[in-house]
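No lab work stands behind these numbers, since they all come straight from the coordinates. Predicted, not measured: the structure shown is a model, and the values here were computed from it. Cβ: placed from backbone, ideal geometry, glycine included. Neighbour counts: every protein chain shown.
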There are 2 protein chains.
Amino acid sequence: MLKLKTKGILIVISSPSGAGKTTITKHLVNKIPNVKLSVSLTTRKPRSGEVNGIDYKFVSLKDFKEKVKKKLFLEHAKVFDNYYGTLKSQIIIDLKKGKNILFDIDWQGARQIKKKFTKDLISIFILPPSLKELKRRLSKREKSKAFVNKRMSKAKREIMHWSEYDYAVVNDNLKNCLSKIQNIISNHVLKPHMQTISKY
Amino acid sequence: MLKLKTKGILIVISSPSGAGKTTITKHLVNKIPNVKLSVSLTTRKPRSGEVNGIDYKFVSLKDFKEKVKKKLFLEHAKVFDNYYGTLKSQIIIDLKKGKNILFDIDWQGARQIKKKFTKDLISIFILPPSLKELKRRLSKREKSKAFVNKRMSKAKREIMHWSEYDYAVVNDNLKNCLSKIQNIISNHVLKPHMQTISKY
């Protein structure tokens with residue numbers, strides 16, 4: 001009696017670094033049907049192992065600023081000393097095709113996207129189990145204390161925005177956290193605006 | 001890092017009769033934690049097997065109309081030739097205690113409750129797989145063709161309101177339908193207004 005409409009949704013995931021967002025988005029790309037990870041443009045230098053066009057599209061500051069001027073971005077933000085942004089063009093094409101698009105962005109980007117899309121967007125904030133645990137995870141990756149402290153204060157500022165999201169999920173256990181996110185996404189298609197009623 | 005608040009929610013389930021709502025609510029009462037089924041007042045006569053105070057609180061038309069005048073109802077509606085309604089008093093006490101309250105009501109009642117509660121309410125519409133299947137189910141219970149036809153036209157009018165709900169679920173298979181509803185409810189507690197962040 002009900003039929004799913006062919007339309008994609010935007011899935012926005014934010015969290016402080018160290019809360020497991022990268023691992024989570026990697027898993028979600030394999031688990032959510034018809035999903036595509038949005039690739040941001042950034043002015044920061046590639047880290048070792050990062051591939052242009054897959055992890056980010058690496059662009060010059062001049063190029064980035066030109067695109068801002070031309071209003072080509074759906075959202076863009078400055079994080080630490082670097083710029084990050086998502087181009088409008090591809091997103092619109094993908095949504096029309098019925099693709100679900102996964103965004104791994106910070107609260108500033110999330111806020112901008114949420115202004116432009118309302119019903120067809122789910123925003124999820126991932127929290128670490130505690131700040132102590134977050135510090136432990138960050139220290140494991142990075143030896144420089146100053147760097148860890150910088151990340152921690154950035155994390156605290158990011159966490160302040162947790163309640164602006166549709167859902168907040170604690171990543172205390174990767175499996176549980178993933179299954180909660182998958183449930184959130186599969187529930188979304190049960191909303192009436194995602195379905196049509198056939199003639200009866 | 002996040003803690004659930006002690007507060008109950010309202011879970012409103014509507015559907016045309018024959019879509020399996022009674023079976024579904026009976027199962028949900030056993031599966032949703034801390035849940036209570038709201039018992040409506042009605043002016044209709046008890047059917048065989050119905051128990052006063054459990055299935056409904058059976059009251060006289062005079063008594064019902066007095067309560068309407070005194071504004072004691074959270075919602076009330078006339079369905080066929082009978083009145084149905086939910087009293088405010090108990091609901092408010094139960095919500096404060098953190099109880100989740102399940103409502104098995106029609107679209108008229110749902111609309112009234114939704115006006116009074118917004119964030120703390122989930123509304124779900126249950127649809128039959130098809131009208132043909134609905135007719136088959138109704139004819140099984142009831143031999144009178146006239147009665148079945150009356151129910152069918154009532155069902156069509158009820159179904160017209162499916163898109164006013166937060167979620168619409170087809171009951172093609174009881175197990176799947178129940179698990180979808182349980183997911184919807186367990187997701188709700190992941191919304192930020194249901195949680196508080198502990199000091200960090």
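Some points to look at:
- Residues whose amide H falls under 5 Å from that of A:Glu75, counting only those 5 or more places apart or on a different chain, are A:Thr86, with hydrogens built in the peptide plane.
- Theoretical ellipticity at 222 nm over chain B - DSSP helices of four or more residues, -39500 (n - 2.57) apiece, nearest 500: -12000 deg cm²/dmol
- Links that overshoot a 28 Å alpha carbon limit, given the list A:Lys21/A:Lys70; A:Lys5/A:Lys70; A:Lys3/A:Lys99; A:Lys36/B:Lys5; A:Lys175/B:Lys5; B:Lys67/B:Lys180: A:Lys21/A:Lys70; A:Lys5/A:Lys70; A:Lys36/B:Lys5; B:Lys67/B:Lys180
- Computed on the Cα trace of chain B, the radius of gyration divided by the Kirkwood hydrodynamic radius gives Rg/Rh = 0.98.
- Each Cα pair under 8 Å and six or more residues apart adds its sequence gap; the mean of these over the residue count of chain B is a relative contact order of 35 percent.
- Mean-position separation - Cα centroids, segment B:1-34 and segment B:52-122, in angstrom: 16 Å
- Counting, for every residue in B:183-190, the Cβ atoms of other protein chains within 10 Å of its Cβ and taking the mean gives 5.
- From most to least packed by mean Cβ count within 10 Å, the peptides B:52-63, B:27-38 give B:27-38, B:52-63.
- Copy-to-copy label separations for B:Lys175, where each label sits 7 Å from Cα toward Cβ, in nm and ascending: 2.1
- Label geometry 7 Å along the beta-carbon vector: B:Glu142 inter-copy distances in nm: 6.8
- Kirkwood hydrodynamic radius of the protein assembly as shown, from inverse mean 1/r over distinct Cα pairs, in Å: 23.9 Å
- What separates the A:Lys31 label point from its copies, with the point 7 Å along Cα to Cβ, is 2.0 nm, written shortest first.
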